[in-house]
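Enquirer: Before I ask anything, here is the structure I am working with.
The values are calculated or read from the model by the stated rules, or taken from the named source; none is laboratory data. Fair warning: this is a prediction, and the values are worked out from it, not measured in the lab. Here the Cβ positions follow ideal geometry from the backbone for every residue, glycine too, while neighbour counts run over all protein chains shown.
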Amino acid sequence: MIKVADASELGHHIVVQGGTFYNNAVLRSFEKIADCHAIRPDIAGIMGAFGAALIARERYVECEGTTMLSIDEIQRLEYSTSMAKCGLCTNNCRLTINKFSGNRRFITGNRCERGIGKEKDRTPPNLFDYKLKRYFDYEPLSPQEARRGTIGFPGF
Ligand code: SF4
């Protein structure tokens, strides 16, 4: 969904992404509404994954081994899927339970962690502490690297 009050705010060079834009009608409708020519990369639907892969490559740290399955293990992989209702509260979430060889399972459809057998953590997070750490625990870039200048926080 694109929420723009004024399509002219989008600028002149518009790149669209997301699987929805594989649909020519959606692309053309967008161009008509925004009165623009939009660029749709041929990987529009996987740009998020592509970006994640680039970040992973950039931040990759040498480590021992990998948890990825080998191609042989993938070919031997067996799984079964079943449905169940959580029933621990009135939401009655409909769970999809995927069971894999090696006694592993993956559950989806749960709206909270109780649905996957974990207890709800009732300790409220300290959001002030969290935000403080998010803001100030980063190593600042050196002035040479900080091409966009310095950002100040009023009140701190
Ligand atoms: S998963 Fe959570 S929200 Fe859903 S029914 Fe179970 S307890 Fe309720």
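Enquirer: What are the residue pairs meeting all of these: first residue in the range 67-84, first residue outside the structural domain of residue 110 (by TED's automatic domain parsing) and closer than 14 Å to residue 106 by Cβ, second residue loosely packed, with under 10 Cβ neighbours inside 10 Å and among the aromatic types (Phe, Trp, Tyr), Cβ atoms under 8 Å, and 6 or more apart or on different chains?
Expert: Within 8 Å, no pair qualifies.
Enquirer: I need the full set of residues from the range 12-37 which are part of a strand (DSSP E or B) and more than 11 Å from residue 2 (Cβ to Cβ), in order please. Let's see the steps before the verdict.
Expert: Residues of the range 12-37 part of a strand (DSSP E or B): 14-15.
Result: 15, single match.
Residues are listed down the side, and each one gets a yes or a no for (1) within 12 Å of the ligand (Cβ to nearest atom); (2) in the same structural domain as residue 83 (by TED's automatic domain parsing); (3) part of a loop (DSSP other than H, G, I, E, B):
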position: 97; (1), (2), (3): no, yes, no
position: 102; (1), (2), (3): no, yes, yes
position: 106; (1), (2), (3): no, yes, no
position: 111; (1), (2), (3): yes, yes, yes
position: 121; (1), (2), (3): no, no, yes
position: 128; (1), (2), (3): no, no, no
position: 132; (1), (2), (3): no, no, no
position: 138; (1), (2), (3): no, no, yes
position: 141; (1), (2), (3): no, no, yes
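Enquirer: Report, by residue number, each residue of the range 56-75 that is exposed (fewer than 10 other Cβ atoms within 10 Å of the Cβ) and among the hydrophobic types (A, V, I, L, M, F, W, C).
Expert: 56, 61, 63, 68, 71, 74, listed by residue number.
Residues are listed down the side, and each one gets a yes or a no for (1) among the hydrophobic types (A, V, I, L, M, F, W, C); (2) surrounded by 10 or more Cβ atoms within 10 Å (Cβ to Cβ):
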{"residue": "95", "(1), (2)": "yes, yes"}
{"residue": "111", "(1), (2)": "no, yes"}
{"residue": "116", "(1), (2)": "yes, yes"}
{"residue": "128", "(1), (2)": "yes, no"}
{"residue": "138", "(1), (2)": "no, no"}
